[in-house]
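As structure tokens, the structure follows; a few thoughts come after it.
The values are calculated or read from the model by the stated rules, or taken from the named source; none is laboratory data. These numbers come from a predicted model, not from an experiment. Ideal geometry is used to build each Cβ from the backbone, glycine not excepted, and the neighbour counts take in all protein chains shown.
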Amino acid sequence: MLTIFGQRENRDCDGLSRRSFLQIGALGIGAGALSLADVFRAEAAQANSGRPTASRHKSVINIFLGGGPPHQDMWDIKTEAPREIRGEFSPIETNVPGIQICEVFPRLARLADKAAFIRSIVGATDRHDAFQCMTGWLPTELQSIGGRPSLGAVVTKMQGPTDPAVPPFVGLAAKTKEIRWSDSGKPGFLGAGCAPFKPDGPGMADMKLNDVSADRLRDRRDLLGQVDRFRREVDCSGMMQGMDVFEQRALDVLTSSRLLEALDLSKEDPQVVARYGDGKPYNYQYDGAPTCNDQLLLARRLVEAGVRAVTLSFGRWDSHGKNFQLVRDHGGKLDQALSALIEDLDMRGLLNDVTVVVWGEFGRTPRINKDAGRDHWPSVSCALLAGGGMRTGQVIGSTNRLGEFAKDRPVHFQEVFATLYRNLGINSETTTLVDPSGRPQYLVQHAAIRELA
């Protein structure tokens with residue numbers, strides 16, 4: 001945590017203790033008091049290991065629909081199924097001939113040429129958890145050594161920041177009562193240095209200098225350097241000289257306004273803010289996430305500022321009761337925000353460089369229950385992908401007449417992740433990460449979706 005005013009003992013002449021000064025640059029990004037300088041040292045060590053780095057800034061925005069959205073009330077309306085399975089919604093035509101989606105998404109229907117609708121996601125388990133939508137793996141994988149890292153953590157490790165003042169991985173999901181729905185993506189066996197920066201946590205407060213100006217902060221760093229100079233002169237390993245570089249990068253984050261400005265929606269055009277909406281009132285939230293339309297706008301601002309991976313949790317889709325009322329509420333708000341995001345990225349020339357994925361942990365039962373709801377159905381679910389230079393304007397996969405199982409072209413969670421990695425410039429078929437036991441681990445075990453190439 002950034003500490004501007006230190007302990008009373010051992011103060012420097014300007015009232016700041018050296019112990020407190022050394023805390024400047026620590027962000028709330030993981031377990032323990034890991035400082036930015038520590039993170040930058042780890043990144044430099046990774047760069048020296050010969051790992052490839054991105055030559056262009058590519059990004060992913062991962063929108064998690066916590067609770068499990070009903071696939072047959074989203075992109076896969078079952079017009080020929082009995083009413084107790086088909087439900088209340090009718091399909092509407094999109095701007096791509098032959099593609100129909102739920103009537104709740106009229107704005108997205110007009111942008112279908114810029115999206116790919118996957119109707120046959122398989123490989124889910126019957127448990128509420130964002131883990132699979134953040135990693136592509138089951139939560140039980142490699143638990144003894146920390147678990148599988150999320151995509152954002154992998155990107156942090158492999159590619160690092162595009163700018164020293166901007167973290168490569170940002171998690172926007174606010175804490176929910178069902179904590180698994182607010183998982184922004186764990187670092188797994190890669191360690192806390194690859195965890196997401198969370199603006200709603202202590203990290204945001206840590207980045208505000210309050211009454212200390214950037215010039216005064218630099219003066220204090222210069223003083224620290226003078227105090228430690230004698231240690232450098234006797235240091236044979238070169239560690240002290242190396243620390244200068246990492247501390248400078250930490251200072252860059254604290255004194256740059258780039259990230260803070262990206263997170264400040266008051267700096268956005270009010271007309272753009274209005275196009276996204278705010279998602280209020282927050283209906284059907286219960287123990288889940290709000291319908292945070294503004295976070296989709298924040299995600300666009302963050303990738304524009306240089307963030308490589310942004311995750312967020314939108315709504316609470318666990319519709320055991322009042323499924324159709326919930327979908328009308330959540331779906332209408334998602335339609336507004338997601339269509340605004342796709343249009344915004346396109347107008348700014350970012351759509352080919354930013355991949356947007358929208359999905360949940362599983363689907364819902366074909367048969368409607370006595371409470372007008374749908375229950376858990378891990379056999380098949382759905383996803384929407386946009387941008388990333390992909391071949392959009394198509395439907396991939398299908399389910400049977402009742403929406404029970406993948407009929408044609410099952411698409412595994414890991415195929416989606418292999419596609420995301422490919423769009424980021426990472427070849428998941430050849431790239432490995434060394435785990436704490438010294439073993440190389442592939443990022444996923446499935447190939448990218450060939451239809452999107």
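Data overview
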{"quantity": "Top-ranked residue of the range 82-102 - restricted to ones that are assigned to a loop (DSSP other than H, G, I, E, B) and surrounded by fewer than 18 Cβ atoms within 10 Å (Cβ to Cβ), ranked as farthest from the chain's Cα centre (by Cα)", "calculated": "Pro82"}
{"quantity": "Test: residue in the range 402-424 that is in a loop (DSSP other than H, G, I, E, B), closer than 21 Å to Trp137 by Cβ and of a type in the set (Gly, Ala, Ser)", "calculated": "no"}
{"quantity": "Test: residue in the range 146-163 that is part of a strand (DSSP E or B) and under 12 Å from the mean Cα position of the chain (by Cα)", "calculated": "no"}
{"quantity": "From Asp278, Asp287, Asp294, residue being under 30 Å from Ser319 (Cα atoms), of a type in the set (Asp, Glu) and in contact (Cβ under 8 Å) with a residue 60 or more places away in the chain", "calculated": "Asp287"}
{"quantity": "Top-ranked residue in the range 103-141 [being part of a loop (DSSP other than H, G, I, E, B) and charged (D, E, K, R); ranked as nearest to Asp287 (Cα to Cα)]", "calculated": "Asp129"}
{"quantity": "Selection within the range 300-337 - under 21 Å from the mean Cα position of the chain (by Cα), more than 19 Å from Ser381 (Cα to Cα) and assigned to a helix (DSSP H, G or I)", "calculated": "Arg300, Arg301, Leu302, Val303, Glu304, Ala305, Lys333, Gln336, Ala337"}
{"quantity": "Per-region count, the range 324-366, residues polar (S, T, N, Q) and in contact with an Asp or Glu (Cβ under 7 Å, 6 or more places away or on another chain)", "calculated": "1"}
{"quantity": "Selected residue (only one of Gly373, Gly349, Gly321, Gly363 is touching a residue at least 60 places away in the same chain (Cβ under 8 Å), farther than 17 Å from Asn293 by Cβ and of a type in the set (Gly, Ala, Ser))", "calculated": "Gly363"}
{"quantity": "Sole residue being out of contact with any helix residue (DSSP H, G or I) (no Cβ under 7 Å at 6 or more places or on another chain), β-branched (Val, Ile, Thr), in the same structural domain as Pro139 (by TED's automatic domain parsing) and closer than 29 Å to Arg300 by Cα, chosen from Val395, Val357", "calculated": "Val395"}
